[in-house]
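Notes for the one structure printed next.
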Amino acid sequence: MAGDPALQAVPTRSAPRNEGPRRWSPQLWAAPPAAALALFFLYPLALVVRQSFQPDSGGTSVRPYADVFASQAFRHALWTTVWLAVASTAGCLVLGFLLALVISFVPFPGAKGVARFIDVYLSFPSFLITLALLFIYGTTGIIGSFQFLTTPWGVLLAEVTYFTPFVMRPLLAAFSQLDTAQLEAASSLGARAPRIVRRVILPEALPALAAGGSLVLVLCLNEFGIVLFTGAKGVTTLPMLVYGKAILESDYPGACVVAVVNVLISVGLYGLYRVVSRRAGA
Amino acid sequence: MWAVFLVLFLPLFALPLLVVLGASFATHWPGVLPAGLTTDNYRAATRGEALQALTTSLLTAAGASLLALVVGTWAALAGAALNRRYRRLMDALFVLPVAVPSVVVGLSVLVAFSQPPMLLNGTRWIVILAHTVLVTAFAHQSASAAIARLDPACEQAAASLGARPSYVLLRVRLPLLLPSLTAAAGLCFALSMGELSATMMLYPPDWTPLPVLIYAATDRGALFTGSAVAVVLMAATLLVLFAVSRVRTRASYR
Amino acid sequence: MSIRFDSVTVAYDGNVGSLALDALDLTVEPGEVMALLGPSGSGKTTALRAVAGFVRPVSGRVLLGGRDVTDLPPYRRGIGMVVQQYALFPHLRVDENVAFGLRARRTPRGEIRQRVAEALEMTGMAAYARRYPRELSGGQQQRVAIARALAIRPRVLLLDEPLSALDAQLRSGMLAELARLHRELPDVSMLYVTHDQVEALTLADRIAVMDKARLRACGTPRELYRAPTDAFTASFVGGANLLPVTVGPGGVSFAGAELKVETGDVVAGARATLCVRPHLVGLGAGPNQLVGVVREIQWRGATHRLYVEVDGHAVMADLRELRDPPAHGESVSLHFAAEDAVLLPAGVVGDGR
């Protein structure tokens, strides 16, 4: 065995320490994807910020900000965006919690199918919901000539419908970790269902609710398709305003200002979401 | 409880999809049920500009998800080798596109690539580029999670057997990651197929993906044709997801 | 091929304040089986990983066959390694697992086939070549892991608690297999990390006892068992009664009793520890007699273990199964032969229970 010519298990060449392929440092490996991201995502974002300080009249100033902040349309859009997002999130949390509760703790045969349905549902674009609502509530639809869809309430309904599964997913994961023995112990001690929910299930679900809720809040702030499809002139959110200013009015500095505001709100909230979900271990 | 479930879940989540499906076979919707059953909508939805939009969407989604998978996996693999501080920086960087509104991603790409030296505006590449940026974050997240689940003992066993890092990557890590990576690819594909916000800002006339076509149809009042196109979009997405999950079961069975 | 640790120091996360391994000096001779024995956290696995190249010493050198490998990456060290959780590649069949190392080294195809067959034959897994790891039992997976490590014909084999994931019955079988492998491969040096003294005593040519990142003792199993040099080694390699004694002329005194034992060059009047193995303690009157009260009796089938309280110290005695075991609280006499006791100069660590 010692004389085996193919014995390569032990490198017998006396290799000087730095000979052979020098190991690339990990930072060097991370550089290409980071550079790609910087070029195609961060650099364009930086240009947006720069353009937001460059009014069409030339020069560099905070004029675009002053103009946009002063406009009634922007303030209205900001308010609509925030309250729609908050209300949608609240709706999703309540509805998602109820549904996840039923799916997790009421034994029925289709539970696994429901989980799969949610996954498929989440892979569809959001505007399908508005499209469906056009038939249900729209002028030609089931409920008939009802201008419901062109109000913020229509957008709210669509957003709750579309984003609730985003809350259900972490909740279902959290509930599946919950020990049923714990529930049985609680009920054997004579606790009633509402009390069990409040004292045992809710505390366990809080981290998942917080994580799912803040994700939905960010997604609602950024939602575009649902609002676009309602065709409602009365409902303008920040993303709609960005689109309108840039594409319809060709007011790039204005669009960039709105974009900067929208990014600041969303990224700030998303940072919060990351912190919360990391603490929740989700 | 069952009643709550039936009352809330089905109408809320299943009904919208059924309504779109029903409308795609109808000419008008006078009451509770659609009327004027026909397949004309599909005839319109599978030819001409609709067919072209389908190809456009499929090509865009395939291109964007493949690019995103490569960049995201590379970033995740490189990030896993970094020390704690750099890794968190990398994670934060790559998750950022999720938080930034897609409309803003569209706007920023439009602003950046409308002028030389990188003049992409008006070409299909700007759409593919924006989709890639948007879905890379998801690819990176899936790949990172899968890499964190890898058993380091396997890689160390391979190294002790004399496999250099590139060989370990090719023969051990990537094969073990394959099921997660195909799942990530499926997710990216589906997201790209349904992307509307950034696309609305960027699409050139000769590169109109399905969601834009659906919007154009509903905007001019052709709701029933739009529904048929939407069903085609859903079906195409589901078919690809199904194919991907077949690959995945095969890969994880090994 | 020899393995040499030259004052190897390893710190956790490069933090010099907390050492995982403190200036280890140890040499494994070519063809020798060295067991690294110690409780968890004693640094034994760290030492093994330093040889494999998965941890980097902050100081010191690791030498294989006289060559400094401290700066070599793991894949250039040519070491076979078997770990507790097998770490088989789940996506490869058994024969592909075994062939992995050879393929990575670009060994010619025909030779790979022959060597894989050989390694599988040697570990008795030839019939399972086309299975996937998840289709095998734990013991079978460990055999494949061993075959995989042997296929590259390493001259150093590292085994990190290879049997601890197996149940007791399989373990003794695998222990015999490892001993056979060692006889069949007399050139291979093995470093065997374990916390199980039986594995170490059975398999090793020499045992290195580790505790708290340091090497406590190193010697043949016989030396360590018969003549331990410190209390930790005495209690960890086989059970031991460790009695606090005061050295007198020609013997020691313990709990008021004068015991005749070899005192060597320990000066009279010094405090010391007397080590007596439980199975060398007899019941009844005799030389070096101790009187105490029975606190606990455990029947272990072939033996009885008595815990006898002598002046506040528990003394263990393993006795051939007693026909009439003493009752709880009964006063009994124990004795041991002078040549069965070892005097340790250090103080007592614990009661040896």
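Brief remarks follow.
- Interface area, B with A, accessible, probe 1.4 Å, both sides summed, Å² nearest 100: 6400 Å²
- Residue separation of A:Q177 and A:A66 scaled by 0.36 nm, minus their Cα-Cα distance, works out to 34.8 nm of gained length.
- The magnitude of the dipole of chain C, with charges of +1 and -1 set on the Cβ of Lys/Arg and Asp/Glu and taken from the Cα centre, is near 1700 debye.
- Take the Cβ atoms of C:A117 and C:L181, set R0 to 22 Å, and the FRET efficiency comes out at 0.85.
- Lys/Arg +1, Asp/Glu -1 at C-beta; the protein assembly as shown dipole; positive extreme among B:S102, C:S2, A:L99: B:S102
- Each of B:L202, B:A159, B:V71 was placed along the dipole of the stretch B:38-253 (beta-carbon charges, centred on the mean Cα), and the one lying farthest toward the positive end is B:A159.
- Remark: mean inter-chain Cβ contacts per residue of B:185-191 equal 2, using a 10 Å Cβ-Cβ cutoff to other protein chain atoms.
- The aspartates and glutamates whose alpha-carbon is closer than 12 Å to the alpha-carbon of C:K212, local same-chain residues fewer than 8 away aside, are C:D22.
- When only alpha carbons are used to place a centre, the stretch A:201-254 and the stretch B:122-175 end up 31 Å from one another.
- Multiplying the residue separation of C:E29 and C:H328 by 0.36 nm and removing their Cα-Cα distance gives an extension gain of 102.6 nm.
- Stretched out straight at 0.36 nm per residue, the stretch from B:S245 to B:A222 would grow longer than its current Cα-Cα span by 4.8 nm.
- Relative protection proxy for A:37-49, A:153-165, from highest mean packing down: A:153-165, A:37-49 (other beta-carbon atoms within 10 angstrom).
- Rounded percent of accessible protein surface that carbon and sulfur make up, the protein assembly as shown, 1.4 Å probe: 59 percent
- Using a simple spin-label model with pseudo-atoms 7 Å out from Cα toward Cβ, C:A257 and B:V70 lie 8.2 nm apart.
- Using the Cβ-Cβ distance between A:E204 and A:K112 with R0 set to 30 Å, the FRET efficiency from 1/(1 + (r/R0)^6) comes to roughly 0.90.
- Accessible area of the stretch C:2-81 divided out per residue, in Å², using a probe of 1.4 angstrom: 35 Å²
- Of B:Y203, B:Y167, B:Y215, the one that fluctuates the most in a GNM where chain B has Cα springs shorter than 10 Å: B:Y167
- Taken residue by residue and averaged, Cβ atoms of other chains lying within 10 Å of the Cβ of B:13-26 number 5.
- Shielding score for C:49-58, defined as the mean number of other chain Cβ atoms within 10 Å: 1
- Per the Kirkwood formula applied to alpha carbons, the protein assembly as shown shows a radius of gyration over Rh ratio, Rg over Rh, of 1.11.
- If only the Cβ of Lys and Arg carry +1 and only the Cβ of Asp and Glu carry -1, the dipole of the protein assembly as shown around its Cα centre is close to 1680 debye.
- Taking chain C as a Gaussian network of alpha-carbon nodes connected by springs under 10 Å, the highest mean-square fluctuation of the residues C:G139, C:G65, C:G173 belongs to C:G173.
- Each peptide in C:270-283, B:151-164 gets a packing score, the mean of other Cβ atoms within 10 Å over its residues, and the list from highest to lowest is B:151-164, C:270-283.
- Note on exposure: A:L215, B:L196, B:L239 ranked by accessible area (1.4 Å probe, complete protein assembly) read B:L239, A:L215, B:L196, with the most exposed listed first.
- Distance histogram for the stretch C:3-226 (every C-alpha pair counted, 10 angstrom bins, percent rounded to whole numbers): 8, 33, 36, 19, 3, 0
The values are calculated or read from the model by the stated rules, or taken from the named source; none is laboratory data. Owing to the predicted nature of the structure, the values given are computational and were not obtained by experimental measurement. Positions of Cβ are backbone-derived with ideal geometry, glycine not excepted, and every protein chain shown enters the neighbour counts. With ligands, DNA and RNA removed, areas are computed over all heavy atoms of the protein, side chains included. Shrake-Rupley method; radii C 1.70, N 1.55, O 1.52, S 1.80 Å.
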